[in-house]
1. Tell me, what % of the accessible area of the chain is carbon and sulfur with a 1.4 angstrom probe?
2. Starting at the first residue of the stretch 35-41, write each ³J(HN,Hα) from the Karplus equation 6.51 cos²θ - 1.76 cosθ + 1.60 with θ = phi - 60°, in whole Hz, x for Gly and Pro.
3. What is the total of Lys pairs in the stretch 1-92 with C-alpha atoms under 27 Å apart, excluding same-chain pairs fewer than 8 positions apart?
4. Could you work out how far the C-alpha centroid of the stretch 33-67 sits from that of the stretch 250-284, in angstrom?
5. Across 20 Å bins from the origin, how do the percents of Cα pairs in the chain run, short distances first?
6. Could you give the angle, 0 to 90 degrees to the nearest 10, between helix 291-301's Cα long axis and the longest principal axis of the Cα atoms of the chain?
7. Between Val159, Val314, Val270, where does the largest GNM mean-square fluctuation fall for the chain, given springs only between Cα atoms within less than 10 Å?
8. Let me check against my output: what whole-number percent is the relative contact order of the chain, with C-alpha pairs under 8 Å and at least 6 apart?
Amino acid sequence: MSSMINAAITGTGSSTPKRVLTNFDLEKIVDTSDEWITERSGIKERRIVENGIASSDLSLEASKQAMEEAKVTPEQIDMILVGTVTPDYLLPSTACILQDKLGAKNAGVMDIVAACSGFIYGLSTAQAFIQSQQCKTILVIGVEILSSVTDWTDRNTCVLFGDGAGAAIVQDTNDDRGILATFLSGDGSLANLLHIPIGGSKVPLTEDNIKERKHFIRMQGSEVFKSAVRSMGDATERILKLGGITSEQVDLLIPHQANIRIIEATARRVKIPMDRVFVNIQKYGNTSSASIPIALDEARKSGVIKPGSMVALVAFGGGFTWGSALVKF
Ligand code: COA
């Protein structure tokens, strides 16, 4: 038996709200059109929660599916990592709330704030805890209720975002598979291009500053676009190099679903044809940290990912943050 411990994804799950908001619905809310949104972003519709549904609720449903597939009991979970920028509360973490809902009483719990890269940061953290033998079973989540921080009067942003959750169980294995490599990076000097200006310790909320609508996401779209294409391309090239493989050996690329044009530009740059790139942005819009685990779950359940498949995951998000992972199933 090999002494090398690998971290394998043994179960996945996802949860998206039932309520669908189409581009035609948005035409009635802001000055936009189905044609503009489709051409510029590839999005046709997104899912939005009913009032009162929190990130922990969507996470719970996704987690149960992942645990069932991996045949993991709540007591077996050593660590819960929740990638989110839309937690239930500022305090406590959403991981704590999810722990209680699951009854995962033996788990360490923390949220990871890396915006759209949150799930990749979570996977990389899980891999490190498993390979250092501090944990055997980790629940990694990417969840977002972006509708709660979206300015529904701002057509520059409100057409892009959606709600959802994805989960993965990561476990130790001696098999020659699992998370083969991860790469994480960031650049905090570009924070102002995509951020929520108020509501933290720097500018706490007041009745007056809420009127300026600065507690919602602000974004400079075309600047973010350029950085995303560059960073997602770099992160993909980097992970292939770390994994010692070429782009021809990638069975599936799962990029963060922010914009179909960013996805296509990334694929072109790393020479992976679009028939080996997973796309579901038309159904969900940009669900930030949830987009990769939702796509991963759909790709596994639809049979696009099979045992032995070599899958590259790549994300970019606010912060800026970016990163990638190479996983053999
Ligand atoms: N409907 C109609 N027109 C819109 C619009 C909408 N929903 N949103 C913006 N516009 C207008 C703008 O006001 C602008 O008009 P102007 O030229 O008269 O000022 C015009 O469309 C073009 O805007 P521009 O920003 O140049 O478009 P774009 O081609 O860059 O596409 C985004 C805009 C937002 C779709 C694109 O920049 C993008 O996806 N950026 C990255 C966003 C992202 O991924 N964020 C999350 C990162 S994880």
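1. Working: 7360 of 14280 Å².
On the chain, the fraction of accessible area on carbon and sulfur atoms equals 52 percent.
2. Couplings: 4, 4, 5, 5, 5, 7, 10 Hz.
3. On the way: Lys18/Lys28; Lys18/Lys44; Lys18/Lys64; Lys18/Lys71; Lys28/Lys44.
Lysine pairs satisfying the spacing and distance rule in the stretch 1-92 number 5.
4. The distance from the Cα centre of the stretch 33-67 to that of the stretch 250-284 comes to 19 Å.
5. The distribution over the chain is 34, 59, 7, 0, given as percents.
6. 50 degrees
7. In this elastic network of the chain, the residue with the biggest mean-square fluctuation among Val159, Val314, Val270 is Val270.
8. Values: 810 pairs, mean separation 83.3, N = 329.
So the answer I get is 25 percent.
The values are calculated or read from the model by the stated rules, or taken from the named source; none is laboratory data. These figures come from a predicted structure and were not determined experimentally. All Cβ positions, glycine included, derive from the backbone under ideal geometry; neighbour counts span all protein chains shown. What goes into the accessible areas is simple: the full protein's heavy atoms, side chains included, and nothing from ligands, DNA or RNA. Shrake-Rupley method; radii C 1.70, N 1.55, O 1.52, S 1.80 Å.
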